[in-house]
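Input: a single structure, listed below in structure tokens.
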């Protein structure tokens, strides 16, 4: 039993000594870390003080070397910065939306940001007991309310103007459609008149080439009105090229102009027919002009003799 007690005591003493060593190590490490932190903090403070001293020396050097104008400008800037800081610290009754200052406002009022206190009015309204701060707060709320109402009025006005512009645009579109309808009606009227003139000339046996061609292409139309079907007379279909016989150069030119009119009035209708026939008429006109030139020109042999005479 005695031996066991002694062994237990030895173990306890050993464990106690180990714990003490560990605590000493922790204390030493913490003390070393705290000392390192203190050293770092001292270094940083020394560095800050050094930089501050350098800035101060640099500032003093600039002051010593500056001219009178630079000194005046520097002092004005410094004063302006101080005024701005002071104004920013003081609460004003002017909302931020207005962006007015004592130096920049359309009223040239150097005390614009200061709240005007009307003592008699406050007494009449029973508000003479209010403090300066409360009066400024009420004034600010009143101005903000007025600004909100003004913005609402502006929004309503803009909406009214937008609605009016929409109505004007709709009216312009309606007018444009109506004008386009008038143009189409006028074009149809001119086409009907051209057809009527052709019908009258054919009935009076003085038909032109364009009248024969117009009657030829109208014969196969499926969109003819009842009146056109009623007034339509029977005729014998012939080759449309037969109307080009025995035409003079003037007749060909008149026919070209008439084809242009029909192409413009009928839009895309019968476009291929008029295009092909215009090509034929142009070719016939070219041939006719060549024939007329040969008739009116001088024979080749005579022309050579005349040129030889002039050369001599």
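Observations on the structure shown:
- Test: residue in segment 159-173 that is in a helix (DSSP H, G or I) and over 27 Å from the mean Cα position of the chain (by Cα): no
Yes/no matrix, rows are residues, columns are (1) in contact with a helix residue (DSSP H, G or I) (Cβ under 6 Å, 6 or more places away or on another chain); (2) over 30 Å from residue 112 (Cα atoms); (3) surrounded by 10 or more Cβ atoms within 10 Å (Cβ to Cβ); (4) at pLDDT 80 or above:
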position: 36; (1), (2), (3), (4): no, yes, yes, no
position: 40; (1), (2), (3), (4): no, yes, yes, yes
position: 45; (1), (2), (3), (4): no, yes, yes, yes
position: 49; (1), (2), (3), (4): no, yes, yes, yes
position: 54; (1), (2), (3), (4): no, yes, yes, yes
position: 61; (1), (2), (3), (4): no, yes, yes, yes
position: 80; (1), (2), (3), (4): no, no, yes, yes
position: 86; (1), (2), (3), (4): no, no, no, no
position: 89; (1), (2), (3), (4): no, no, no, no
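- Hey, residue 230 at pLDDT below 75, surrounded by fewer than 10 Cβ atoms within 10 Å (Cβ to Cβ) and either touching a strand residue (DSSP E or B) at 6+ places or on another chain (Cβ under 6 Å) or part of a helix (DSSP H, G or I) (or both) or not: yes
- Looking across segment 129-143, the residues that are assigned to a helix (DSSP H, G or I) and surrounded by 13 or more Cβ atoms within 10 Å (Cβ to Cβ) come down to 135, 136, 137, 138, 139, 140, 143.
- Yes/no for residue 123 being over 30 Å from residue 217 (Cα atoms), part of a helix (DSSP H, G or I) and modelled with pLDDT under 80: no
- Among the residues of segment 236-259, those that are farther than 13 Å from residue 213 by Cα and either surrounded by 11 or more Cβ atoms within 10 Å (Cβ to Cβ) or at pLDDT 80 or above (or both) comprise 247, 248, 249, 250, 251, 252, 253, 254, 257.
- Residue list for segment 201-221, filter: in a helix (DSSP H, G or I) and out of contact with any helix residue (DSSP H, G or I) (no Cβ under 9 Å at 6 or more places or on another chain): 203
- Residue that is surrounded by the most Cβ atoms within 10 Å (Cβ to Cβ) [pool: residues in segment 265-276 that are free of Cβ contacts under 8 Å to residues at least 24 places away in the same chain and assigned to a helix (DSSP H, G or I)]: 274
The values are calculated or read from the model by the stated rules, or taken from the named source; none is laboratory data. Just so you know, these numbers come straight off a predicted model, no measurement behind them. Glycine also receives a Cβ, built like all others from the backbone with ideal geometry; neighbour counts cover every protein chain displayed.
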